[in-house]
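The values are calculated or read from the model by the stated rules, or taken from the named source; none is laboratory data. Just so it is clear, the model here is predicted, and its values are computed rather than measured. Positions of Cβ are backbone-derived with ideal geometry, glycine not excepted, and every protein chain shown enters the neighbour counts. All accessible areas refer to the heavy atoms of the entire protein, side chains included, with ligands and DNA or RNA removed. Shrake-Rupley method; radii C 1.70, N 1.55, O 1.52, S 1.80 Å.
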Amino acid sequence: QFGSAVHELLETVGWLDESAPVFPDSAVGAIVGRLCAAAELRHVFQKQGRNIELFREQGAEAIIDGVFFSGVIDRLHLHKDQCGAVQRAEIIDFKTDDVATPQELASRYASQLDSYRQIIAGVFPDAEISTTILSVRHACLVPVA
């Protein structure tokens, strides 16, 4: 329930520098508010004048190595050049797991994020693609190779 509630609330967060959300007066609201206010996470939630298209809860389905994969990318940033071509894609996945260190999440979810990477690479083959976990419990980003 906790994970679902956090995901539902984070889904409502667009670009904080364009529209400030109002979070509920609850434990989940406080956690999401803390994430949005964290300096090290600012670039995830602020557009800062960059040419980025934001997708939240983006469905992702494909057949990968002969196996059907279906998932939902929590937050996808498509960085575009002046002509509108996607140059870079950031896949950001929210994880609420109670782990001792955030790095545990990278090994636990590497396969899932690699599948997302393959799907996005199929759509934008010339784009640089990064995959990152946002650890809700540790309020930090964890790059996933």
| task | Identify all residues within segment 12-68 that are surrounded by 13 or more Cβ atoms within 10 Å (Cβ to Cβ), within 18 Å of the chain's Cα centre (by Cα) and under 23 Å from Ser111 (Cα atoms); write none if there are none. | result | Val44, Phe55, Arg56, Glu57, Gln58, Ala60
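Quick check on segment 96-103. Is at least one of its residues open to solvent by less than 70 Å² (accessible area, probe 1.4 Å), aliphatic (A, V, I, L, M) and out of contact with any Pro (no Cβ under 7 Å at 6 or more places or on another chain)?
Filtering segment 96-103 for residues open to solvent by less than 70 Å² (accessible area, probe 1.4 Å) gives 96-97, 99, 101-102.
When the remaining residues are screened for being aliphatic (A, V, I, L, M), the result is 99.
Remaining after also requiring out of contact with any Pro (no Cβ under 7 Å at 6 or more places or on another chain): 99.
Yes, because at least one residue in segment 96-103 is open to solvent by less than 70 Å² (accessible area, probe 1.4 Å), aliphatic (A, V, I, L, M) and out of contact with any Pro (no Cβ under 7 Å at 6 or more places or on another chain).
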| Matching residues in segment 118-145 - criterion: being of a type in the set (A, V, I, L, M), open to solvent by 30 Å² or more (accessible area, probe 1.4 Å) and under 12 Å from the mean Cα position of the chain (by Cα) | Leu141
| Looking at segment 127-145, which of the residues that are assigned to a loop (DSSP other than H, G, I, E, B) and without any contact (Cβ under 8 Å) to a residue 40 or more places away in the chain is nearest to Ala110 (Cα to Cα)? | Ala145
| said: Show the residue pairs meeting these rules: Cβ distance below 9 Å; 6+ apart or different chains; first residue within segment 108-123 and under 15 Å from Arg75 (Cα atoms); second residue assigned to a helix (DSSP H, G or I) and open to solvent by less than 50 Å² (accessible area, probe 1.4 Å). | reply: Leu113/Ala106
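Determine which member of the set Ser107, Ser111, Ser115 is small (Gly, Ala, Ser), over 23 Å from Glu18 (Cα atoms) and surrounded by 17 or more Cβ atoms within 10 Å (Cβ to Cβ).
Details: Ser107 fails: surrounded by 17 or more Cβ atoms within 10 Å (Cβ to Cβ); Ser111 fails: surrounded by 17 or more Cβ atoms within 10 Å (Cβ to Cβ).
Answer to the selection: Ser115.
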